[in-house]
Amino acid sequence: MSRATLHGQLLEQAMHLATRDRHRPRMANLRRAVSSAYYGLFHLLVHEATCRFLPARPADTRTLALRRTLARSLAHKEMKNTSRLFAGLSSHWPPWLAPLLGSRGSVPLAIRSLARTFVLLQEARHEADYDISRAFTRQEVRLLIDEARTAERGWRKGARTQEIATLYLYALVLPALSQFQKCAPAP
Amino acid sequence: MDAFSAQHPSRILGGVEATEQATVQRLLESLTIPSDCPRVVSTLFSVRPDSTGDAAVWVWVILADREEDWTLAEVRPLTELIEGALTEGGVRAIPYVRFRTESEQILIDEQRTDPPDGRIERL
């Protein structure tokens, strides 16, 4: 987990918040920990997807600006829908995607794990931020964070270089293109 | 071995949700937990749409207390067991499997404002 990246810092912050109260964890810390863990994965995927879709050299300011706009276009629900497919939590592959995937059981474990963890964390984040009737406990939150950290590690240590990773990242970006214009900065 | 008690009979369920709830209850009751897994004290569940409107089932596995937290490696076989049982049992809802310890659950039960649909005690 890299501390230099936003997603690395968010995952680190999540663990810090989940473990800072030794005896009776404060609910606010646990809830913010879940939220940080989710946003760690969210920003990891947004970064990877936009960099893969719009490769750019550091000096290529036009492409970098396009990339930032594209990053703002990605929507949580669309990302969840795509992740459900790659996680094996849905079998409703869109017609354009199914032939590219080949055998539907062939999503490598580390990619499946990241996609699944993204789906699980997104729901937990929604509960943590909006549903005050849902209680969180330290055990529950630590395991959610560990899921996020393990998925991030698996991605970094090889999954991201696999062919299906590119397909996953493109599938995250493509639904966002219809929103691209709305997210462009005003002149 | 297992006893089920409905916790919230007044909850209004749609037909599909009610059927799914009965299926989830049956599948969780029939789970055989391997002896090398952490000791499961009880299992709670709720069936309802998730935040984006997808059919979902939450399963909270209540684990025996111990000094240190249970690790992901220790609980993962339980997650896989439950997710596999639900999928093979025909449940199409997204499974959200979570873990708490027994003492944490006791504290929650004392203040609970959102009870689960069901609870399966494991003796």
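List of remarks:
- The residue list B:71, B:101 contains one member that is open to solvent by 30 Å² or more (accessible area, probe 1.4 Å) and either facing another protein chain (nearest Cβ under 9 Å) or more than 12 Å from the chain's Cα centre (by Cα) (or both), which is B:71.
- Residue A:37 meets the conditions (1) small (Gly, Ala, Ser); (2) open to solvent by 20 Å² or more (accessible area, probe 1.4 Å); (3) within 19 Å of residue A:151 (Cβ to Cβ) in every case but one. The failed one is (2).
- Across the range A:136-163, the qualifying residues are those that are within 7 Å of chain B (Cβ to nearest Cβ) and polar (S, T, N, Q), and the one among them that is farthest from residue A:124 (Cα to Cα) is A:150.
- Failed condition for residue A:78, given (1) open to solvent by 50 Å² or more (accessible area, probe 1.4 Å); (2) away from chain B (no Cβ under 12 Å); (3) closer than 19 Å to residue A:52 by Cα: (2)
- Matching entry among A:54, A:89, A:45 (being touching a strand residue (DSSP E or B) at 6+ places or on another chain (Cβ under 6 Å) and either among the β-branched types (Val, Ile, Thr) or surrounded by 15 or more Cβ atoms within 10 Å (Cβ to Cβ) (or both)): A:89
- Exclusive hit being out of contact with any Cys (no Cβ under 9 Å at 6 or more places or on another chain) and more than 12 Å from chain B (Cβ to nearest Cβ), set A:97, A:120: A:97
The values are calculated or read from the model by the stated rules, or taken from the named source; none is laboratory data. Bear in mind the structure is a predicted one, so any value in this text is a computation, not a measurement. Positions of Cβ are backbone-derived with ideal geometry, glycine not excepted, and every protein chain shown enters the neighbour counts. Surface accessibility is based on the protein's heavy atoms, side chains included, excluding ligands, DNA and RNA. Shrake-Rupley method; radii C 1.70, N 1.55, O 1.52, S 1.80 Å.
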